[in-house]
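Enquirer: The structure's right below; bear with me while I get my questions together.
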Ligand SMILES: [Zn+2]
């Protein structure tokens, strides 16, 4: 298609500004729902590029939408900008070296994710204006992907109700169309309330909330043998009841993350975990209070859009990494285990190629991979709007997500090239859809057929609000 050259050129025209944006956001890593500075950077860029801006989407202060164009179909391009705790790391250094005074780091590459999506939206805006085409492009600045399920709240608030198709991406070892596989999940905090007492002088008067948490964990660990294949449960201690072993712990809190293939498997599992919590409270004569922090649906595929994005990927080919890129990437790859590297190949259905450090191919969407599947709040968008995502090569092959190695590569030359490359893929996909209404019609029909038997039910109950305080330690 002859549109490709023009849309790629429009991405190239503005790439330097957006690389600088990604680098600035890398340098201000902010956690779930506290992305104030990063969001302000994205708003400033939207203003500079002439988008119409909606703030405080779904009553979330760091959720924004920028829109451009008139009438016609609405294409949403989704970006993120949240970071992770404990993953601070100097840029470009292939050994663990946290930055003093900052615990957070962009260990999932969301500095690149947001910037590439905003660059793609800007190029589509410029393309529509230059060609006098009807159609609107929207950039969705989505916070709190790392556990906050912000997109689910945005869906629930109706922010996607007039969107025709949605496009996004995630950094990865290899470039290709993202396989629409992810687990539905939910996070629930269980707070046990007991009674304090002197642990030696009056132990019989105390009722330990910490005991309750421990018994709950034991109960859940016994349940693991009897879960559906592929289900996952993890927990983190938020409050162990204090530092004094001589005081019976009156309050303790554990956060559970429960995952399963889809909501029909997840919901019964949640009910069983709740029963175990009640059992632990009964055994210890404590009380338990629960609060749902987040919930996401599994990803829904969309064959017409996946084909369209695959065509765009084949047309553009892999990113053009040079010897300097490979030299630095090799240093990071040398810090990885053989198993890390093998897992990246396995996930994309590829044979391990020893000595290869950066992606030099487009992974076919036909191959079936294997291995670990996570969760994403793009899942909820994909149930209500035809959605497609790319994987964009931005790191040494095998780099695990949520690692210091990923943070350390977030400002490298090859990460920047990957950012520009995937922006072209997304912008090209959007322009193709805007130019041919049959594509949008078939994408909608595909989603309708997939959800005919099981319509979307938001996993977030109506009374659950975004956990804007979830990154604040208590
Ligand atoms: Zn991520």
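The values are calculated or read from the model by the stated rules, or taken from the named source; none is laboratory data. Just so it is clear, the model here is predicted, and its values are computed rather than measured. No Cβ is skipped: glycine too gets one built from the backbone with ideal geometry, and neighbour counts run over all protein chains shown.
Enquirer: Considering every residue within region 412-427, establish whether at least one is in contact with a helix residue (DSSP H, G or I) (Cβ under 9 Å, 6 or more places away or on another chain), at pLDDT 95 or above and outside any helix (DSSP H, G or I).
Expert: Yes.
Enquirer: If you don't mind, another one. Residues in region 232-241 that are without any contact (Cβ under 8 Å) to a residue 40 or more places away in the chain and surrounded by 15 or more Cβ atoms within 10 Å (Cβ to Cβ): how many?
Expert: Matching residues across region 232-241 total 3.
Results for (1) under 15 Å from residue 113 (Cβ atoms); (2) within 16 Å of the ligand (Cβ to nearest atom); (3) surrounded by 23 or more Cβ atoms within 10 Å (Cβ to Cβ), shown as yes or no for each residue.
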residue	(1), (2), (3)
355	no, no, no
368	no, no, no
382	no, yes, yes
393	yes, yes, yes
422	yes, yes, yes
436	no, no, no
440	no, no, no
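Enquirer: Would region 181-197 turn up any residue that is within 17 Å of the chain's Cα centre (by Cα) and surrounded by fewer than 21 Cβ atoms within 10 Å (Cβ to Cβ)?
Expert: yes
Enquirer: In contact with a helix residue (DSSP H, G or I) (Cβ under 9 Å, 6 or more places away or on another chain) and over 18 Å from residue 279 (Cα atoms): is that true of residue 227 in this structure?
Expert: When the stated conditions are applied, residue 227 passes them.
Enquirer: Given (1) surrounded by fewer than 24 Cβ atoms within 10 Å (Cβ to Cβ); (2) at pLDDT below 95; (3) within 16 Å of the ligand (Cβ to nearest atom), identify the lone condition not met by residue 87.
Expert: Status for residue 87: all satisfied but (2).
Enquirer: Against the definition (at negative phi and either within 22 Å of the chain's Cα centre (by Cα) or crowded, with 20+ Cβ neighbours inside 10 Å (or both)), how does residue 12 come out, yes or no?
Expert: Against the criterion (at negative phi and either within 22 Å of the chain's Cα centre (by Cα) or crowded, with 20+ Cβ neighbours inside 10 Å (or both)), residue 12 does not qualify.
Enquirer: Moving on to the next point. For residue 447, work out the one condition from (1) touching a residue at least 60 places away in the same chain (Cβ under 8 Å); (2) farther than 19 Å from residue 262 by Cβ; (3) in a helix (DSSP H, G or I) it doesn't fulfil.
Expert: Only one criterion in (1) touching a residue at least 60 places away in the same chain (Cβ under 8 Å); (2) farther than 19 Å from residue 262 by Cβ; (3) in a helix (DSSP H, G or I) is unmet by residue 447, namely (2).
Enquirer: For region 119-138, does any single residue satisfy the condition of being in contact with a helix residue (DSSP H, G or I) (Cβ under 9 Å, 6 or more places away or on another chain), in a loop (DSSP other than H, G, I, E, B), in contact (Cβ under 8 Å) with a residue 24 or more places away in the chain and closer than 30 Å to residue 361 by Cα?
Expert: Within region 119-138 (the criterion being in contact with a helix residue (DSSP H, G or I) (Cβ under 9 Å, 6 or more places away or on another chain), in a loop (DSSP other than H, G, I, E, B), in contact (Cβ under 8 Å) with a residue 24 or more places away in the chain and closer than 30 Å to residue 361 by Cα), the answer is no, since none of the residues qualifies.
Enquirer: Continuing with the same structure: Among (1) closer than 30 Å to residue 106 by Cα; (2) buried (at least 24 other Cβ atoms within 10 Å of the Cβ), where does residue 158 come up short?
Expert: (2)
Enquirer: Also, quick follow-up: So how many residues does region 25-40 have that are free of Cβ contacts under 8 Å to residues at least 24 places away in the same chain and closer than 18 Å to residue 112 by Cβ?
Expert: Looking only at that region, the number is 3.
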